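In what follows, a structure is listed as structure tokens, so that the remarks can point back to it.
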Amino acid sequence: MKHKIFLSITILLMVALSACSNQASKIEATSIDAVEETYQAEVTSSVETSTSPSEAVATIVAGNSETHEDTKDYEWDSSTVIPITLNGDSISSDSPDISIDENYAVIISAGTYSLSGTLTNGQIVVDTQDEETVRIILNNAEISSASSAPIYVKNAEKVVIILADGTENILTDASSYVHENADEDEPNAALFSKSDLTIYGSGSLIVTGNYNDGISSKDGLIIASGSITVNAVDDGIRGKDYVVIKDGILNITAQGDGVKSDNEEDPAKGFITIYGGNLTLSSGGDAISAQTDVIISGGEFSLTAANGSGNPIDETTSAKGIKGLASVSIDSGTFFIDTADDSIHSNGDITINGGTYEIYSGDDGIHSDTSLTINNGEIGILESYEGIESALITINGGNTRLTASDDGINVAGGADSSGFGMIGGQPMPGRIPGQDSFASMENYYLYINGGYVFIDADGDGIDSNGNIEMTNGTVIVNGPTENMNGALDYIGGFTMTGGEMIAAGSAGMAMAPDQSSSVNSVLIAFTETIPAGTLVNIQSNAGDEVLTFTSSKEFQSLLVSSPKLLSGTTYQIYTGGNASGTMIDGIYEGEGYTPGSQYDAFTVTSTVTYIGISGATGGGFPGGGGGGGKPRR
């Protein structure tokens, strides 16, 4: 049974700042007034000092539509607040701006309203024609409905729900609704809005969506702050045009998607932007799902989809951690992701600029159909079918560590599946005719320009259905033990002009970089399988060490590509012996190797030196060659 190190999630308490607007000077010493003072100070600070996303994230954000947020949304005059009292089975208020029929109230004018008390079965409706904002302060309000949504925004310019400081507010809807029009399904959430909706404040909101969604807006939805708990039979939080999360603590349990934006008509909408906050999402579908873009510039995330990586799902179920169909861009954040499907997914592009990741995936750890770029970050993919997959993969930096039951890195095309092609009129192993043909090889590339990559794969360690270029960085592969796969596998070419690669695996399909590379390589095929934990040492006749290495698996081939392999120099290969010093990922640092048995010797006379087999051509042993991943479910 795998052991998961759950992320420690720090709950940040919001601290009120002292500066207030001129309006705040009117506030008297009432509980609601004190809350307002806190709100106005907090929002002023939040708007002025929020951490800005990086240029890359900001560029994507700029491509989306502007949101409905305005700093004035969080400002109001306490002397104009209209109280609404919930009295169990009835509602009372003295304001002519509210139409009340026992347990049913309609807010008909813009303004700021305060709800307090308990309504056991009833509804608050917002239906205004004004062009001004409606603010609803939830001040220890508990509202349930036996036939519909407790709060229903039918029409308004904009609605801001304010969670009063220190309060707990509860909304619970019915398991079946009675709608005004039998042909429509609105409302369909415990907190439902047909207009732009914002939730703000330092209090708490507990929502139970027994009918469908928990919180839903048919326009835009902004969560500026607050502690929000949602339990829903379908989606937890949904904003059709967009969802923007600026801060807050979100605990969502949803049988559908956790946080969702699904506008399919407007390509500038259907996005999710997260600037910060603490999100714990458990979903039957996708944890975070956007029709277009997902943009994350900070926050702490614990995402579980379809009970995690150990749970099998059918092909019709999407149970991904973070899904942006057009793009996913992550600037920073701390992520624990455990999903039955891909953990991070896009049908388009993915860019990772930073962040810390602990990923368990029942399919791909990170998958994009078009391109995947890793610029930085601490990426740990502890369980996956394939660790990283895309038609174009660029690794510029960061620390990436991945474990895969099939390919570690797979450069392949197609919609969320390994690539396939033809050779000699027959399907290549693991390929479907008509996809990833040789004609399209030039579109598939793996670029490694820096960073540190450690791979533990049962299939190919690195598999490219096209080409590989490596200019810098370090790559270590503990590859397959079966001969049908290789630690390194590519169809096109592999040009290596910088960096270092150590790849241990089976010998049946072992490959090395091209002879056109400027970094020298040695590819060793041992006559017998080397047991796991056995040391292999390469050093020059002068005693200059190239490598002391031990694999966590048995292996029969070892590729060493390193600037330490100097042309014209003779090297000795040893197996066994002892090593002292620091060992990281099987590589020992220091001068503490005591030789075991000498296995062979070689002199570097060409870019690639082959040991243990004659007549090698191209990048590897006869019989070797590129290959795609095995067919996926």
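The values are calculated or read from the model by the stated rules, or taken from the named source; none is laboratory data. Computed from a predicted structure; not experimentally measured. All Cβ positions, even for glycine, are placed from backbone atoms using ideal geometry, and neighbour counts span all protein chains on display.
The residue that is farthest from residue 316 (Cα to Cα), counting only those in region 351-405 that are in a strand (DSSP E or B), over 16 Å from the mean Cα position of the chain (by Cα) and among the hydrophobic types (A, V, I, L, M, F, W, C), is 395. Here 527, 548 are screened, and the one residue that is in a strand (DSSP E or B), polar (S, T, N, Q) and without any contact (Cβ under 8 Å) to a residue 60 or more places away in the chain is 548. Among the strands (runs of 3 or more DSSP E) confined to region 270-316, the ones with at least 3 residues that are within 18 Å of residue 348 (Cβ to Cβ) are located at 271-274, 288-290, 293-296. Across region 255-283, the number of residues qualifying as closer than 22 Å to residue 205 by Cβ and under 18 Å from the mean Cα position of the chain (by Cα) comes to 18. The residues on offer are 614, 567, and the sole one that is modelled with pLDDT of 95 or more and either in a strand (DSSP E or B) or not charged (D, E, K, R) (or both) is 567. No other residue among 477, 546 is more than 26 Å from residue 413 (Cα to Cα) and among the β-branched types (Val, Ile, Thr) apart from 546. When each of 134, 106, 125 is tested for being in contact with a Lys or Arg (Cβ under 6 Å, 6 or more places away or on another chain) and either at pLDDT below 95 or surrounded by 15 or more Cβ atoms within 10 Å (Cβ to Cβ) (or both), the lone residue that passes is 125. Cβ-Cβ contacts under 8 Å between residues 6 or more apart (or on different chains), taken from a first residue in region 171-182 that is farther than 24 Å from residue 228 by Cα to a second residue that is of a type in the set (Gly, Ala, Ser) and part of a loop (DSSP other than H, G, I, E, B), are listed as 178/147; 178/148; 179/148.
Listed here are the residues, each with its yes/no results for (1) part of a strand (DSSP E or B); (2) within 29 Å of residue 483 (Cβ to Cβ); (3) at pLDDT below 95.
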site: 532; (1), (2), (3): no, yes, no
site: 560; (1), (2), (3): yes, yes, no
site: 600; (1), (2), (3): yes, yes, no
site: 605; (1), (2), (3): no, yes, no
site: 622; (1), (2), (3): no, yes, yes
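Residues in region 482-497 that are crowded, with 17+ Cβ neighbours inside 10 Å and either of a type in the set (A, V, I, L, M, F, W, C) or part of a loop (DSSP other than H, G, I, E, B) (or both): 485, 486, 487, 488, 491, 492, 493, 494, 496. Among the residues of region 112-128, is there at least one that is closer than 20 Å to residue 197 by Cα and over 40 Å from the mean Cα position of the chain (by Cα)? No: region 112-128 contains no residue that is closer than 20 Å to residue 197 by Cα and over 40 Å from the mean Cα position of the chain (by Cα).
For the structure I just gave you, tell me whether residue 59 is polar (S, T, N, Q), modelled with pLDDT under 95 and not in a loop (DSSP other than H, G, I, E, B).
Answer is yes for this residue.
Could you tell me whether region 546-563 includes any residue that is closer than 24 Å to residue 444 by Cβ, of a type outside the set (Ser, Thr, Tyr) and assigned by TED's automatic domain parsing to the domain that holds residue 589? For region 546-563, residues closer than 24 Å to residue 444 by Cβ, of a type outside the set (Ser, Thr, Tyr) and assigned by TED's automatic domain parsing to the domain that holds residue 589: present.
Scanning region 504-511 turns up one or more residues that are surrounded by fewer than 18 Cβ atoms within 10 Å (Cβ to Cβ) and in a loop (DSSP other than H, G, I, E, B). Of the conditions (1) of a type in the set (S, T, N, Q); (2) surrounded by fewer than 24 Cβ atoms within 10 Å (Cβ to Cβ); (3) out of contact with any Leu (no Cβ under 9 Å at 6 or more places or on another chain), residue 297 clears all except one; give me its number. Evaluating residue 297 over (1) of a type in the set (S, T, N, Q); (2) surrounded by fewer than 24 Cβ atoms within 10 Å (Cβ to Cβ); (3) out of contact with any Leu (no Cβ under 9 Å at 6 or more places or on another chain) leaves (2) as the failure. Could you list all residues from region 199-227 that are surrounded by fewer than 23 Cβ atoms within 10 Å (Cβ to Cβ), assigned to a strand (DSSP E or B) and not aliphatic (A, V, I, L, M)? Of everything in region 199-227, those that are surrounded by fewer than 23 Cβ atoms within 10 Å (Cβ to Cβ), assigned to a strand (DSSP E or B) and not aliphatic (A, V, I, L, M) turn out to be 204, 208, 227.
May I ask you to list the residues in region 317-343 that are in a loop (DSSP other than H, G, I, E, B) and either in contact with a strand residue (DSSP E or B) (Cβ under 7 Å, 6 or more places away or on another chain) or within 18 Å of residue 380 (Cα to Cα) (or both)?
Filtering region 317-343 down to residues in a loop (DSSP other than H, G, I, E, B) leaves 317-321, 325-326, 331-333, 340-343.
Within region 317-343, 319, 320, 321, 325, 326, 331, 332, 333, 340, 341, 342, 343 qualify.
Within region 334-360, being under 11 Å from residue 303 (Cβ atoms), touching a residue at least 40 places away in the same chain (Cβ under 8 Å) and not aromatic (Phe, Trp, Tyr) holds for 337, 338, 339, 343, 358. Give me the residue from region 293-320 that is among the aliphatic types (A, V, I, L, M) and over 22 Å from residue 242 (Cα atoms) and, out of that set, farthest from the chain's Cα centre (by Cα). Here the residue is 313.
Kindly establish whether residue 191 is under 26 Å from the mean Cα position of the chain (by Cα) and crowded, with 24+ Cβ neighbours inside 10 Å. No: the conditions fail for residue 191.
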